1. Given the options B:701, B:390, A:25, identify the residue whose Cα lies farthest towards the positive end of the charge dipole of the protein assembly as shown (+1 on Cβ of Lys, Arg; -1 on Cβ of Asp, Glu).
2. Provide, as a two-decimal number, the C-alpha radius of gyration of the stretch B:629-722 over 2.2 N^0.38 Å, N being how many residues it has.
3. At a probe of 1.4 Å, how much accessible area disappears from chains B and A on forming the pair, both sides counted, to the nearest 100 Å²?
4. If you count, for every residue in B:424-436, the Cβ atoms of partner chains within 10 Å of its Cβ, what is the mean?
5. Among B:702-713, B:217-228, A:80-91, B:76-87, how do they line up from the highest to the lowest mean number of other beta-carbon atoms within 10 Å?
6. Determine how many Å³ per residue the convex hull of the Cα atoms of the protein assembly as shown encloses.
7. With each pseudo-label sitting 7 Å past Cα toward Cβ, what's the residue B:705-residue B:80 distance in nm, one decimal?
8. As an exercise, identify the chymotrypsin sites (Phe, Trp or Tyr not before Pro) in the stretch A:96-150 lying in DSSP coil whose Cβ has no more than 16 other Cβ atoms within 10 Å.
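The values are calculated or read from the model by the stated rules, or taken from the named source; none is laboratory data. Note that this is a predicted model, so its numbers are computed, not measured. Because the Cβ atoms are built from the backbone with ideal geometry, glycine has one as well, and the counts that use them run over all protein chains shown. What goes into the accessible areas is simple: the full protein's heavy atoms, side chains included, and nothing from ligands, DNA or RNA. Shrake-Rupley method; radii C 1.70, N 1.55, O 1.52, S 1.80 Å.
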Amino acid sequence: MLSFVLILIASVFFTGIIVRTKSMASGRKGPGIMQPVKDVVRLFKKGAVYSRTTSFIFQIAPTIYFSSVVMAMMVVPFGQSRGFISFNGDFVFFAYVLALGKFFSIISALDTGSSFEGMGASREALYSLLAEPAFFILMGSFALLTGYTSFHEMFAALHLGSYISYAIAILATFVLVMIVMIENSRMPIDDPKTHLELTMIHEVMILDNSGFDLGLIMSAGFLKFALYGAIIANLFLGMVPYQYSIPLFFIIQGLLAVVIGLIESFIARFRMSHNPQFIFALTSVSLLIFFGVLLVLGKFV
Amino acid sequence: MPAQLIINVHIVKNDLQTGKWQKTMELIYLRIENTTYFLIPLLCKILHNNFPGLQMTNAIILMDVSWATTIVAVVLMCFIPTTKKSILAIFTVIINAILTSIPAVQALGGTTTDFSFYAGTFLGDVPIRIDGLSAWFILIINFTSITGVIYGVGYLKTYKNAAYKLSLHWILFILFHLSMIWVTLLQNGFVFLIAWEIMSLSSMLLVIFDGHLPKTLQAGVNYFVQMHISIVFLTIGFLWVYLETGSFGFHSFQTFFASNNNLWLFIIFFVGFGLKAGFIPLHSWLPHAHPAAPSHISGVMSGVIVKLGIYGLIRVISYVQSDFNLLGEIIISISILTGLYGILNAAVHRDFKKMLAYCTIENIGIIGIGIGLGMIGLGSHSPLLYYLGFGGALLHVLNHSLFKSLLFFAAGSVYQQTHTRDMERLGGLIKNMPQTAIIFLIGAIAIAGIPPFNGFISEFVIYSGLIEGLKLGNINLSSLLILSFAGLSLMGGLSILTFTKSFGTLFLGNERETLPHQPHEVTRIMLLPQYLIIAVMLSIAFVPQWYLAIVGTLLSGMALVSHPIDQGLDVSLLAGYSKTLSHISLYSLLFIAVIGLFWMIRHFAQKNKSIMTGNTWGCAYVAPNNRMQYTGKSYSKPLGKRFSFMLIEKKRYPEIMAGEIFPQPRKYSSHYLDFIEHYIIDNAIRLLLTIVNYFKFIQNGRVQSYVMYGIVFILTIFILTLLNLVK
């Protein structure tokens, strides 16, 4: 349960830090760190406008999307304390629960009958499916390395010993950071600040959402950041005692937010048609990790 | 009364034991005579609740009654009025299903039923065996056939005027159902082939219900030809075993596999059964036959008949004795390719029944991964992997038979109301057909393997098997399995794309074209079987440990002959996983609860707020129309572009010529071709035709030449015998 609370806390600041980093990098003062959360709270208080074209799918989708992220949060452990949900092969459950949220967010975009939103939905479906193998190969490699199959046991058994294991950890961090960018539709894949609907992915999918529903979608985004941040933090926490691991957790989360802010400030968005290649290349990085694991286990003789 | 009934039972037994099936005609007569007498004691016995004690003879009685019912029903079908035909069909299928389910349920409990019947001097005693494996498939066949026949009655309501067509259709359906069951029962290769042939023929005739349409007829002929290629391979396989061992019985496989190379015979059977199952490159009948058939037939075909290929494979595997690892690796590699190929094609096609047919190919791939894993488990002496692999495969067979028939039924409802299979012409159907929309949505989520539905359960078992296999340590195996892992996850992602596309295009947004008839929700008789299926699906999703336990007992009792791990085949190995599965079902419940909680919060938060409706935000464009919605084609176009080496798009449009200042209205069309069918199979056929053309002169239509061929033949034989070359 500890991880659940920590992720919740981290999510409050995460997006604020990204925004702040970006504004500082561009020489502006920028809004306060709590501004995104304040925006969402304001949205929660508002009424809503629904399109005449939409059906009940559009109404339930944000709730299901948000719940799927909450469920996924319960699976992620924190150092030696396991998540609320933990069983052998729970990372499969993690990925598939998030998939339900994605499924509904996609069909809710299609429910509006808008061609822009359909376009965003199409991209979202394609990019997230291409990122899937990378995550699964990564987790499979960890399972092979540690001999365990649940998030908690795998992370608890990860030891940074040899040079190869450092390489594995760095590559794994890279893969996970990139998955964060894809899952949250951030910079090299998608530009959340663009003003042209044609070039958006996530933002265009939620064009018609408003009020409470929009708030749910936004806060699910915050949670998703902290959720993947927690997985990355777990790579390094292992069996570190709590008095060090909790501050370390927040440092890693903060660092991740700053890195994302910097990436967004200095890298331009890829051309849409190049995105699939880039995302699929992640799978080959994951395969490198797999071969690294085989090296560590001494299978290459 | 009870005393008299028991006497009746004795008469029956005596008749069967002394009469000994010698004269078939007489027996049929006898059975028709006694049908009513059979039924009453049977029901009495069920009421007395002692059918665990039913023995072999009772299984014979049950089979007898089922044949008698069928014959009576077939004869009756020709004479009763059209409106009654469908009711008769429903009753016959249900009676047959109940009769065959009783021994099947016993077999799942662990009591295998063995008996045989005498079939003439040539075949001798034909052994019949109802073991766990047959029972699992019998129950799946029965359930899908019952839902299929009920749905079909509603679906064919519009064909009231075609009485002859309906009688033939329902007679064939009854035969089709029964032949599928007999395929799983017979243990003699020769008789098995007869049942297999009846099954293929009856299903082919069911497919061409709309035989006046050339496309349907073409699909039927295609299916017919491919099924016979399958039968050729199966015949070669059985004949080979017969020549080596002198027996057509399945038990002789054991002798064969013990003394011969296992690989080649297995490959022959793999091709034979793989044609039915739809492994690539043997799949090309599926995307033609499924869309052509009426929807209840496509549902049953995709749900069950394809699975009988899987049944055959597992049956053969249970006799294999060596080369497990090699065979397992072959099956896994083919299955991964099958899965990816199937779902990629499903993603781009706009005919929604074709999409579902390709999706069947994908699921066969997933089942194949499970089978391959199980074989690797046998090869590397890991009983856990054996259980997870075959267990996952069998669970997925069940799951797929449920959600695929559900999806075909829902698709059929859409077709019945709109008379088009082109999803680009539809849209917004959720407003006209809300129940069908929800049913399709449930099927779509389940088939994508997403919790809280049943698809996740079997996929999770297969994923667990893959992780278990990774740990076996062999580097080749680990590399293959990690790629399967990635492949399986990619299939999951692709099926999300496929089903968001088809659900979104069919049911969401606005209607793209004004249809000639306003679509309405379908009748209750069509909805009922779909809700039945959903109920069973939910039972799998929320009590998965029960189904896993059944599969576990089934697998521990499977007739694995002299397998290398017989001492370690302990079902308790699965205990950990059954616990995990029960936890997953709890977490799924929790998931639903969380959704409910946030829904309530949302409800209260919005209570006193202003809720308005307006137009969809058109990004400042104020005159949008329905034709401007995003199409399914465009939705999957980026994917099609990425995989253009495999998804062949054919476009047809006239170019705008230079100097054509005022272009006329023109047509643009584009469709996707099946890579394997178009480039490999078609080319092979073309080559074959070119070669065969050179021999055209033989069949020249002149009777004189034909007579001469005869004379040459006789002379050759004569000379050969003279020279003692032929005896």
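1. Projecting each Cα onto the dipole axis, the largest value belongs to A:25.
2. In units of the 2.2 N^0.38 Å rule of thumb, it is 2.16.
3. Counting protein atoms only, the buried area is about 6700 Å².
4. Across B:424-436, the average partner-chain Cβ count within 10 Å equals 1.
5. A:80-91, B:217-228, B:76-87, B:702-713
6. That works out to 230 Å³ per residue.
7. Placing both labels 7 Å along Cα→Cβ, they lie 5.5 nm apart.
8. When the chymotrypsin sites (Phe, Trp or Tyr not before Pro) of the stretch A:96-150 are filtered for loop state and at most 16 Cβ neighbours within 10 Å, nothing remains.
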